[in-house]
Each structure stands twice: as C-alpha cells, then as structure tokens.
Amino acid sequence: MRLLARLLALFVLSVAAACSDKAPAPPEQGGPALWRVQRGGLDGWLFGTIHVLPKGVAWQTGAITDAMGKADRLVLEAADLQDEQKTLMLFEKMGRSAGLLPLENRVPPDERAALDKALGDGGTSSQQLSGYESWAAAMLLSAAAQQSLHVSQEEGVEPVLIAAFKAKGKPIGGLETVERQFGAFDTLPEAAQRRLLVQTVHEAKDMKGLYDRILDAWVKGDMEAIAKEDQRGEQPDPMVEEAILVARNRDWVKAVEALSGHAFIAVGAGHLTGRENLIALLQARGFTVTRVQ
C-alpha cells in the first residue's frame, strides 16, 4: 500500500507554493467522487477531496455545486485546520522534542544516502529537521518534496468550500480536531515513526508521478485508480496504518452518527478506499451510501 498516496498533503503547513501550471479540468461526464449519505435524521453528502492543487483545476461540477447549495452545513476533517497559526503552533509544540538523535541516525545506514538526496531535493537538511520527532520530520520532508509539484493548500478544495459556506452564513464544523490529527502521529512508537520516515524517503523519489496519478484519478472520480495506488510499492507498518487511517475513520463514523440535517461532509479521498474505509464503516452502521457522481 502507498500510505502517503492516501494521506498526500494531509498537512502542507506553509512550505508549498502555487504556480500557474496547466491543470486538468473534470471530464464532461465525470468529476470528483460524491456520495449521498442517509440514515435517520441525516440526509447529506460525502465528498472525497484532495487537499492541495495546482491553479486552474475546475472541479466544481453541477452535482457538487447543487449539493453545496442544498446543504445546511459543511463538515470537514478538522474545521480548525484552516487556522494556519494554530496549526503551526500545535505542530511545533507536538512535533519538537529536546535531545533527539540527528535525523540520519534514525534511518538504517543503507538508507542514509537516499535520505540525504530527499533532503537536498526538497531544499532542506538534516540539521533543520533533527529537532523534530521522526513523525514530524517525515511530514516536513513530504511537504518539502511537494514543492516541485507547484501546488498549494490555498488552491485546494477545502478553502473553496469554506468560502462558499461562509458566504451563505452556513455553519462549519469538523469530524475531529487538528490536535487529534497530529496526535495520531505523535503517539506512535518511535520504531513505527522511523519506518514512516523511511517510507517517506522512498516515496519522495517519485512524488511527482504519485501526485499526477492521484490528481488524474481524483478529477475523474476514479476511485478504483486511487485504490490501486494502495497496491503499489511497499506495505506500510500496520501500526501506522491503524493509527493514522483506520482508527480515525472509526472515530469519524461516530461523529457522522451525531449529525442530522443536510450536512456536506468533505474528507480526503484516501479515507474512502482501502481497509475499513469510511464508506464501508458507514454502511456497516446502517447508513445508505449512494454514489451520485
């Protein structure tokens, strides 16, 4: 499974930059995946997002804008993620520790050359990242590697959704908090964090190819292609997958169960494929989940 394929750009922080590279528009019959979610007092929508985009991706199809118009609230993974100051403050608080080993000493000797290359290609260094715990260093290394993609969180889906719902005076909530998201990584044992760091180094080699495939599949609503990324490359540490994907999906189901009305729920598309994905978990809890785009 390509774990970072499912969490690509989960936290971009402030390192990615936008540019005007040409980007694909949705096909005439297609567009990003959208589902209707119904049970009891909830009759809403579930939208699979991509958190960072280049400029010019026209993803707002008629079905999506219609659902946004009918929705009475927006529910994101974490409503406070768009508070950059708070996010960075929490990241620094949770991601830094004193007395850490140099970053190169946290990977096997035969991985150190690849780590050095990934750091250099990303415009950073071991010295800059060694003050961060291994999970945080992995996240920053991934974000640094994304600079070559010319993407930005500001161009991503969530800011557009937030602006649209704010303009209509509709409430915006979250399935969890940013602290919970960081905590999923921060509570991993050090050995698991180091394996995540090594996998990040490996995937940095083909970050552009990985992102291009995900973007192409996402804009077409091709969830099968996104799921196939799970089969590429090395298998993730089961403890990492459990903590940062599966356990959070289980928590989100509980949060969805507490919703009523016509919520527009937007989460990363990677949470909608794979083992114990959010759709499967909702269906197991008696929700009717119907693909509408």
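The values are calculated or read from the model by the stated rules, or taken from the named source; none is laboratory data. Nothing here was measured: the structure is a model prediction, and the numbers come from that model. Cβ: placed from backbone, ideal geometry, glycine included. Neighbour counts: every protein chain shown. Each accessible area value is taken on the protein alone, full model and side chains, heavy atoms only, with ligands, DNA and RNA left out. Shrake-Rupley method; radii C 1.70, N 1.55, O 1.52, S 1.80 Å.
The value of relative contact order for the chain, using C-alpha pairs under 8 Å at least six residues apart, is 38 percent.
Over all orientations, the stretch 120-239 has a Cα convex hull whose mean projected area works out to 9.3 square nanometres. Extension gain for R250 to A113 (0.36 nm times residue separation, less C-alpha to C-alpha distance): 45.5 nm.
Of the cross-linked pairs K70/K254; K168/K228; K168/K254; K170/K254, which ones have a Cα-Cα span greater than 29 Å in the structure shown? Result: K168/K228 exceed 29 Å.
The dipole here belongs to the chain: it is taken about the Cα centre, uses +1 on the Cβ of Lys and Arg and -1 on the Cβ of Asp and Glu, and is about 600 debye. In this structure the amide hydrogen of A33, modeled in the peptide plane, comes within under 5 Å of the amide hydrogens of G48, G221, none closer than 5 places in sequence on its chain.
Gain on full extension, evaluated as 0.36 nm per residue between D206 and D66 minus their Cα-Cα distance, stands at 46.7 nm. Computed from the C-beta positions of L101 and Q283, the FRET efficiency with R₀ = 30 Å rounds to 0.10.
If you plug the beta carbon distance of S148 and R275 into 1/(1 + (r/R0)^6) with R0 = 35 Å, you get a FRET efficiency near 0.70.
A value for percent of Cα pairs over 32 Å apart was derived from the coordinates, and within the list (1) 46; (2) 22; (3) 26 it appears as (2). Positive end of the dipole of the chain (Cβ unit charges, origin at the Cα centre): among Q181, I214, F287, the Cα lying farthest that way belongs to F287.
For the chain, the solvent-accessible area works out to 42 Å² per residue, with a probe of 1.4 Å and every protein chain left in place.
Specify whether the C-alpha gyration tensor of the stretch 221-293 places it in the rounded, prolate or oblate class, a ≥ b ≥ c being the square roots of the eigenvalues: rounded for a/c under 1.5, otherwise prolate if a/b is larger than b/c and oblate if not. Note, shape of the stretch 221-293 comes out oblate. A full extension of the chain between K170 and Q85 corresponds to an added length of 28.3 nm, given 0.36 nm per residue minus the alpha carbon distance. The calculated FRET efficiency for the pair R36 and Q128, based on their C-beta separation and a Förster distance of 35 Å, comes to about 0.15. Solvent-accessible area assigned to carbon and sulfur over the chain amounts to 51 percent, based on a 1.4 Å probe.
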